[in-house]
Amino acid sequence: MVAVAAAVAALGTVSGTMSALGAGHGANSAASASRSPGVSRSTEAAPGPPAPTARSTRAPKVPKSPATSAPSTRTGGPPTSAPAAGTRAAAPDRLYRPAGSRVADWVAAHPEDPRTAVIAARVADRPAAVWFTDPTVSAVTARVAAVTSAARARGRVPVVVPYAIPGRDCGGASQGGAPDIAAYDRWIDAFAAGLGTGEVIVILEPDSIAQSGCLPSGARAERFAALARAGRVLKSADPRARVYYDAGHSGWNPPARQAAWLRQAGATAGDGVFSNVANFRTTSDEIAYDRDVLADLGGSAGLGAVVDTSRNGNGPPADGAWCDPPGRRLGAAPTLDTGVAGVDAYLWVKLPGESDGCRGAAGTFSPSYAYELALGSPSS
């Protein structure tokens, strides 16, 4: 699975990005890379399971096809046009920084800690995603609305992550989600009701497509139908919402296979794909991969890609380690202005410093790891 370290940051407790309902992800998956136990959220609107972690061992790795080494003809500009790790976004950026998060709570509680200034400036003050992992239908509308209305009041664009698909994380660390597809449909309806009418970026169910090979064909078809319906419901509720579908990451499924699954899940009716959630793959590799996926997917020429750059400044560890590996660093700062054709945004979907489970319980904030990422130790 994609590693999206599970971290739930409720509207009152933030774990990183902000998870509004729960958490969860894995290695080849977002969760396995950092989400193993749920999704690794930087901020969560309400308590829930940890976000997926960045484990790269969850799904079998598939060698990159030759096509992934170069951009497809769909977009111009080579993947090398991606910014160097740690590059700061042009200010001011319009992305929303949630008011509450685990890292923000830690910074506020430790003003005398020698690491606080660095963590505050390089991690806590950056825009991050808000995860919603609790499948409780009655609570999700208000939780989503709390985030979107706060962002709208500040003239900012929030990033929200619905993460409650049935069979989430294939029974892994971030397992959970709605009890069945009918319940999930009701939850998505309630989620959409909280979007409002402003701009919002929706990262729809990390790992749900890339990891779907774990499901029997019938269950996979049901999941894809539910994701296609979810996209339609979200876009209908808020025509200004940008909905992106799960592309896994460049070390997981071959582009053609991922594109075929995305097509079945209705991705051509969305705004594009997202990749590298909670993982460490380099931005240039992700851009090349996403372009190949989009070329194979077909659909509108306007479909774009967003990349989670939160921890990919040094790329993935040579030994394939996924659980809070040393030698990593922050990637490009979150921005809607990437300067790269076909790449709509660099986002911090997983909050740097949220543990994959080796620097503390999965989803909890590790100041030591956040500090290491912020300082940018040499690649190892």
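Values quoted throughout were computed directly from the atomic coordinates according to the rules given, and no laboratory measurement underlies them. Not measured: the values here are computed from a predicted model. Glycine gets a Cβ as well: all are built from the backbone with ideal geometry, and neighbour counts include every protein chain shown.
Couple of notes before you dig in:
- If R0 is 56 Å, the Cβ-Cβ spacing of Leu215 and Ala117 corresponds to a FRET efficiency of close to 0.75.
- Local charge for Gly231 was computed over the other residues whose Cβ lies under 14 Å away, with Lys and Arg +1 and Asp and Glu -1, and equals 0.
- Relative contact order computed over the stretch 262-380 (Cα-Cα under 8 Å; 6+ residues apart), in percent: 25 percent
- The stretch 158-174-the stretch 268-321 distance, computed between alpha-carbon centres (Å): 18 Å
- Length available on full extension from Ala145 to Ala269: 0.36 nm per residue minus the Cα-Cα distance, which gives 42.2 nm.
- Two-site FRET efficiency, Cys358 against Ala99, from Cβ-Cβ distance with R₀ of 41 Å, rounded to 0.05: 0.90
- Rg/Rh (Cα only; Kirkwood hydrodynamic radius) as it applies to the stretch 84-222: 1.04
- The stretch 87-225 - percent relative contact order, Cα under 8 Å, separation 6 or more: 25 percent
- The value obtained for the stretch 259-330, namely the Cα convex hull volume divided by the number of residues, is 96 Å³ per residue.
- Over all pairs of different C-alpha atoms in the stretch 220-371, the reciprocal of the mean inverse distance, the Kirkwood hydrodynamic radius, equals 16.1 Å.
- Long-range HN-HN contacts of Arg168 with modeled amide H, under 5 Å: Gly176
- With a cut-off of 9 Å between beta carbons, the residues surrounding Ala256 carry a summed charge of -1, where Lys and Arg count +1 and Asp and Glu -1.
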